[in-house]
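Report on the following structure.
The values are calculated or read from the model by the stated rules, or taken from the named source; none is laboratory data. Everything numeric here is computed off the predicted structure, so don't read it as measured data. With ideal geometry, Cβ positions are generated from the backbone for all residues, glycine too; neighbour counts draw on all protein chains shown.
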Amino acid sequence: MPIKSYLAHAISGKKEDLMNALLNLGQCEVVPAENQDILALVTETANEKEEELLKEKIEALDSLKLLALVSGFNTPQN
């Protein structure tokens with residue numbers, strides 16, 4: 001089960017739009033910075049393929065300026 005954390009930098013003035021779009025994708029938890037156009041984003045998916053598809057959807061959002069992976073790990077299912 002891949003769990004990854006990102007910093008998502010919104011286009012100026014589009015932080016709320018980005019946050020709402022990420023939440024609507026599902027599999028995402030979002031924590032906004034109070035004084036910047038940055039969001040802390042944590043994703044949790046069932047497998048690597050699902051994670052890659054989710055990342056592609058995130059990177060296609062119009063309100064996203066930059067997405068930076070901070071940490072990621074995969075917990076094997078037994």
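Enumerate the pairs (first residue in segment 1-14 and buried (at least 18 other Cβ atoms within 10 Å of the Cβ); second residue anywhere and hydroxyl-bearing (Ser, Thr, Tyr) and assigned to a strand (DSSP E or B)) with beta-carbon separation below 6 Å, excluding pairs fewer than 6 apart on the same chain, so at least 6 apart or on different chains.
So the pair list comes out as Lys4/Thr43.
Just checking, which of Leu39, Leu25, Leu64 is touching a Pro at 6+ places or on another chain (Cβ under 6 Å) and surrounded by 11 or more Cβ atoms within 10 Å (Cβ to Cβ)?
Just one listed residue meets the conditions, Leu39.
Do you know which residues across segment 1-26 are over 19 Å from Asp62 (Cα atoms) and among the polar types (S, T, N, Q)?
Ser5
For Leu18, are the conditions met, namely being surrounded by 14 or more Cβ atoms within 10 Å (Cβ to Cβ) and part of a loop (DSSP other than H, G, I, E, B)?
no
Collect the residues in segment 15-27 that are on the phi < 0 side of the Ramachandran plot, without any contact (Cβ under 8 Å) to a residue 24 or more places away in the chain and under 13 Å from the mean Cα position of the chain (by Cα), keeping them in residue-number order.
Met19, Asn20, Leu23, Asn24
Looking only at residues that are at pLDDT 90 or above and among the hydroxyl-bearing types (Ser, Thr, Tyr) in segment 32-78, which one is farthest from Ser12 (Cα to Cα)?
Thr45
Just to verify a result, which residue in segment 42-61, among those that are under 10 Å from the mean Cα position of the chain (by Cα) and among the β-branched types (Val, Ile, Thr), is surrounded by the fewest Cβ atoms within 10 Å (Cβ to Cβ)?
Looking at residues that are under 10 Å from the mean Cα position of the chain (by Cα) and among the β-branched types (Val, Ile, Thr), I get Val42.
Any idea how many residues of segment 28-72 are in contact (Cβ under 8 Å) with a residue 40 or more places away in the chain, in a strand (DSSP E or B) and among the β-branched types (Val, Ile, Thr)?
The qualifying residues number 2.
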